[in-house]
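Okay, structure first, notes after.
The values are calculated or read from the model by the stated rules, or taken from the named source; none is laboratory data. In this text the structure is predicted, and so the values were computed from the model without any measurement. Cβ sites come from the backbone with ideal geometry, for glycine too, and all protein chains shown count toward neighbours. Protein only, heavy atoms only, side chains kept; ligands, DNA and RNA dropped before computing areas. Shrake-Rupley method; radii C 1.70, N 1.55, O 1.52, S 1.80 Å.
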Amino acid sequence: MSWNPWVEKRDHPLGEQGVRSSLEEVAKRAAQGGYHPRVKEWAGELIHEARLRGVSVKGDRARAEILLKAAQDTKTWVPDPVGAEYIKGAHLLACSKDDEHGPCFNSGDCDDLVTLLAASFLSVGLNTMIVGHAYDSGKNIQHVLASVRVKGEWLYADPSYDF
């Protein structure tokens, strides 16, 4: 299979409009990634390997925790290039052991890591959504994370916790 890179270069608005644009793009890429064979393979391998190690994989929370830990432990937070909003597709971060499907990145910023995590949740049957998070009193969104639905409750999942 040959690798066909898809890069879209477009103007990125500043301020709140740019933040909303990025959140929409993360949600779009996560949704697309949930059906990508490479993401499904990555998530399936992680859950299978956990089961072989004796970790329970039964239930939504168990699968979510396995995927969150993998995203946190195998991916490194690295910022975007200067002056650019760079959001990778989930399939470019879902690296398999025997990967022959083109390049695979082991790093990205919060939007990249959330794209992978949310896509992997979707690929194993977990409902997920993208969440913009603000730290200041002005409620200016500065971070993105995922939320996963477990037993009717939405739980936050932050793959870039060490940022």
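Which of the residues spanning the stretch 49-91 are of a type in the set (D, E, K, R), in contact with a strand residue (DSSP E or B) (Cβ under 6 Å, 6 or more places away or on another chain) and either closer than 16 Å to Gly125 by Cβ or open to solvent by 40 Å² or more (accessible area, probe 1.4 Å) (or both)?
Once the filter is applied, which keeps residues that are of a type in the set (D, E, K, R), in contact with a strand residue (DSSP E or B) (Cβ under 6 Å, 6 or more places away or on another chain) and either closer than 16 Å to Gly125 by Cβ or open to solvent by 40 Å² or more (accessible area, probe 1.4 Å) (or both), the stretch 49-91 yields Asp60, Arg61.
Give Arg53, Arg20, Arg61 a once-over and let me know the one that is within 24 Å of His133 (Cα to Cα), modelled with pLDDT of 95 or more and among the basic types (Lys, Arg).
Values: Arg53 fails: within 24 Å of His133 (Cα to Cα); Arg20 fails: modelled with pLDDT of 95 or more.
Selected residue: Arg61, the only one of Arg53, Arg20, Arg61 that is within 24 Å of His133 (Cα to Cα), modelled with pLDDT of 95 or more and among the basic types (Lys, Arg).
Considering only the stretch 40-48, I want to know if a residue exists there that is aromatic (Phe, Trp, Tyr) and either without any contact (Cβ under 8 Å) to a residue 24 or more places away in the chain or open to solvent by 60 Å² or more (accessible area, probe 1.4 Å) (or both).
Kept after step one, since they are aromatic (Phe, Trp, Tyr), are these residues of the stretch 40-48: 42.
When the remaining residues are screened for being either without any contact (Cβ under 8 Å) to a residue 24 or more places away in the chain or open to solvent by 60 Å² or more (accessible area, probe 1.4 Å) (or both), the result is none.
The answer is no, given that none of the residues of the stretch 40-48 is aromatic (Phe, Trp, Tyr) and either without any contact (Cβ under 8 Å) to a residue 24 or more places away in the chain or open to solvent by 60 Å² or more (accessible area, probe 1.4 Å) (or both).
Looking for something touching a residue at least 24 places away in the same chain (Cβ under 8 Å) and of a type in the set (Lys, Arg) - is there at least one such residue anywhere in the stretch 80-88?
yes
Tell me whether the stretch 70-79 contains one or more residues that are aliphatic (A, V, I, L, M), within 21 Å of Trp154 (Cα to Cα) and either modelled with pLDDT of 95 or more or more than 15 Å from the chain's Cα centre (by Cα) (or both). So that I can check it myself, show each step before the final result.
First pass over the stretch 70-79, keeping only residues aliphatic (A, V, I, L, M): 70-71, 78.
From what is left, the residues that are within 21 Å of Trp154 (Cα to Cα) are 70-71.
Those still in the list that are either modelled with pLDDT of 95 or more or more than 15 Å from the chain's Cα centre (by Cα) (or both) too: none.
Looking for residues that are aliphatic (A, V, I, L, M), within 21 Å of Trp154 (Cα to Cα) and either modelled with pLDDT of 95 or more or more than 15 Å from the chain's Cα centre (by Cα) (or both), one finds none in the stretch 70-79, hence no.
In the stretch 86-101, what residues are modelled with pLDDT under 80 and not hydroxyl-bearing (Ser, Thr, Tyr)?
Pass one, the stretch 86-101, residues modelled with pLDDT under 80: 95-101.
If the condition is that a residue be modelled with pLDDT under 80 and not hydroxyl-bearing (Ser, Thr, Tyr), then Cys95, Lys97, Asp98, Asp99, Glu100, His101 are the ones that fit.
List pairs: first residue in the stretch 130-158 and open to solvent by 10 Å² or more (accessible area, probe 1.4 Å), second residue modelled with pLDDT of 90 or more and in a strand (DSSP E or B) anywhere in the structure, Cβ distance under 6 angstrom, at least six positions apart or on different chains.
Note: pairs meeting the criteria are Val131/Ser147; Leu145/Tyr156; Trp154/Ser147; Leu155/Val148; Tyr156/Ser147.
What's the number of the only condition in (1) in contact (Cβ under 8 Å) with a residue 24 or more places away in the chain; (2) open to solvent by 20 Å² or more (accessible area, probe 1.4 Å) that Phe121 fails to meet?
Failed condition: (2).
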